[in-house]
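**Q** Sharing a structure with you now.
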Amino acid sequence: MNNTSRPRAIRLLDRIWAGFQHRPAGDLDLERAEQTFYIKYLKEAMVAFDVGANVGELTLLFSRFVEQHGQVHAFEASSRTFARLKTVCESVNRKKIMLYPVALAQKEGTVALHPGFPISN
């Protein structure tokens, strides 16, 4: 099977996954284990939540397995990252993906978001 005959979402996941190749092996093992769990757990017509969706790697994976009768709710607080998430999700044209440009927390409020910088207590 050549690359162009693969579904568009899978080609997008392949490109996203290629970006993880620079990570240390431990992180890659964790990513693979996490994705394996989702693949085994998610079924058609389920509702899935991707909290901290980033650019949508897991959002697309979830949408593939919950199929047309399920839903995926993806939350991303960073406006720049949310714009990329929206572009990725629109490019695969899946109607059951709902996007939210917000963070989720235990209580309502406003916080400063500092992407890429660790936050000290």
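**Q** Give all pairs with beta carbons closer than 7 Å in which a residue from the range 93-113 that is farther than 13 Å from residue 51 by Cα meets a residue that is part of a loop (DSSP other than H, G, I, E, B); count only pairs at least 6 apart in sequence or on separate chains.
**A** 96/68; 96/70; 113/77; 113/78
**Q** Please determine, by comparing only the residues of the range 1-59 that are surrounded by 15 or more Cβ atoms within 10 Å (Cβ to Cβ) and assigned to a loop (DSSP other than H, G, I, E, B), which one is modelled with the lowest pLDDT.
**A** Checked the range 1-59; the qualifying residue modelled with the lowest pLDDT is 42.
**Q** Go through 63, 79 for me and flag whichever is of a type in the set (Gly, Ala, Ser) and exposed (fewer than 14 other Cβ atoms within 10 Å of the Cβ).
**A** On the way: 63 fails: exposed (fewer than 14 other Cβ atoms within 10 Å of the Cβ).
79 is the lone residue from the list that is of a type in the set (Gly, Ala, Ser) and exposed (fewer than 14 other Cβ atoms within 10 Å of the Cβ).
**Q** Contact list please: Cβ distance under 8 Å, first residue in the range 68-83 and closer than 11 Å to residue 53 by Cα, second residue of a type in the set (Gly, Ala, Ser) and surrounded by fewer than 18 Cβ atoms within 10 Å (Cβ to Cβ), pairs at least six apart or on different chains.
**A** 75/52; 75/103; 76/52; 77/52; 77/103
**Q** Quick check on the range 92-102. Is at least one of its residues part of a helix (DSSP H, G or I) and either on the phi > 0 side of the Ramachandran plot or at pLDDT 90 or above (or both)? Break it down stepwise before answering.
**A** Residues of the range 92-102 that are part of a helix (DSSP H, G or I), as a first pass: 92.
The next check asks that each one be either on the phi > 0 side of the Ramachandran plot or at pLDDT 90 or above (or both); those that pass are 92.
There is at least one residue in the range 92-102 that is part of a helix (DSSP H, G or I) and either on the phi > 0 side of the Ramachandran plot or at pLDDT 90 or above (or both).
The values are calculated or read from the model by the stated rules, or taken from the named source; none is laboratory data. Computed from a predicted model, the values in this text were never measured in an experiment. Reconstructed Cβ throughout: ideal geometry from the backbone, glycine too, with neighbour counts over all protein chains shown.
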